[in-house]
Amino acid sequence: MATGAGGVMSLGFEIFTLFPEAVAGFLQAGLMGKAITAGHISVHTTNFREFASDRHRTVDDTPYGGGAGMLLKPGPVVAALEHAVAARGPMHTVMLTPAAPTFDQRAARRLATLPRIGILCGRYEGFDDRVRDCVDECLSIGDFVLNGGEVAALVLVEAIARLRQGVLGNPESIAHESFAETGGDDRWLEPPHFTRPVVFRGLEVPKVLQGGNHRAIARYRQVEAWRRTWALRPQLRPRLRLCDEQPLYCLAPGELADTIKSHGLEPLSGPIDAKRVRKQLTRRHGCAPRWVGLGLGGGNPTAASVPASANPKQVLDLLAVTGALSEQTPIVLVLDQVIASPKTDEGILTNAAQPQPDAHQRRWPAPVEAVIQMSADAHQIPGRELAQRSQIYESSQPRVPGEWIDQVLSRVLSTLRQP
Ligand SMILES: C[S@@+](CC[C@H](N)C(=O)[O-])C[C@H]1O[C@@H](n2cnc3c(N)ncnc32)[C@H](O)[C@@H]1O
């Protein structure tokens, strides 16, 4: 296998096309040009037309069964492939067509491990379908149709080549880009980035990025990547589910203990010292608990300082992207009553930073790190009962509507356990 500068293994591309000149210019520019000069990447182009057997160098013909347009004949295409293999060695071959699985970063990572890749660019209405049987795989670059495969081939070449050692100036940048693998199959869009000036047309760079708190910056980036992925490309997110044996706790007023137990959760009632509970659970399960608020709508604490979603799966994703989450990780659900009932001691969550719940603002206190924010609609809680519920918050003797909690826990847990 060939090596480039610094003894790094080089990657060889073979591009098969009717228009070699259409790919040549692009490959001379920027980092691709440098990578080719340094010998990290090599690109060889072959024109199908050179392998046509008649004196007019015909490479296309009309489709059997009729229809618009012409097709690339299989003979010249396969002859060109076989010639390149005989001349320069075996390769993994890819036929480009919109009628194929989509090329993505995962495919780029897979292909970047190979030493030689051949890419077949179609023209006209594409290839005679028997060419599929002569290649290793077919790929599309997206759900749209180009006139030819040359641009698509360059997309593959650049996306694959930049993953190879020596091609990028700073290899670290790959680890923090969109679609980077951050553990298992996790895939996220990258968070927003900003440069100078600090204010542009009235838009200010988020304060957290202007400060030097690296932990806060890392957390901001994780949360924004999560928020953006869910908003723009939810299909990319990891398919997490709560495992059946996940240790689950629920911090709630004592009168709900039986309801909570009936869902397989261990009730915790207060007053609760978060630090002490954290220690206990860490000792018991070998990993620190994660704390999730459960807001039931109507007078519940504000989630202004804590990321919230009505979708329990989205909250599970947030836990995974912002910290350790394994099958052994205990999850403590904190019912909003324990914060929103400041006039009672029952079930109150305390911690050193915030010893008393903020009765006025009704904020979720640390250590709650994410909130499943239910709307009354989502749980079919009738409006009349919701109004009653607001009164409950104001009363000094909160009555806890056990049947609502029952309903909410069933829904939340079954959603979290869905594949
Ligand atoms: C006009 S297209 C053929 C489209 C084909 N008749 C169809 O409907 O799927 C000609 C060639 O451009 C290339 N091409 C067009 N769109 C592409 C895409 N989204 N991904 C990969 N290659 C594409 C393929 O090599 C294809 O053979």
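Here, each number is a calculation from the coordinates, and none is a lab measurement. Just so you know, these numbers come straight off a predicted model, no measurement behind them. Don't worry about glycine lacking a Cβ; one is built from the backbone with ideal geometry, like all the others, and counts go over all protein chains shown.
Relative contact order of the stretch 137-217, taken over Cα pairs closer than 8 Å and 6 or more residues apart, is 11 percent. Among His176, His214, the ranking by other beta carbons within 10 Å of each residue's beta carbon, starting with the fewest, stands as His214, His176. Per residue, the convex hull around the alpha carbon atoms of the stretch 184-236 comes to 88 Å³. Peptide packing: for 320-327, 288-295, the average count of neighbouring Cβ atoms within 10 Å per residue gives the ranking 288-295, 320-327, highest mean first.
Annotation: amide H-H contacts under 5 Å for Phe179 (H modelled 1.01 Å from N, sequence separation of 5 or more, or interchain): Trp188, Leu189, Glu190.
Partner lysines whose Cα lies under 24 Å from the Cα of Lys279, excluding those fewer than 8 positions away in the same chain, are identified as Lys261.
For Lys207, which lysines qualify as cross-link partners when the Cα separation must be under 20 Å and same-chain residues fewer than eight apart are set aside? Correct list for Lys207: empty, as no lysines qualify. Under 5 Å from the amide H of Ile15 lie the amide H atoms of His44, Thr45, Thr46, Ile119, each residue being 5 or more positions distant or on a separate chain, with H modelled from the backbone and absent for Pro and chain starts. In this calculation the C-beta distance from Gln280 to Thr37 is compared with R0 = 60 Å, giving a FRET efficiency of 0.45.
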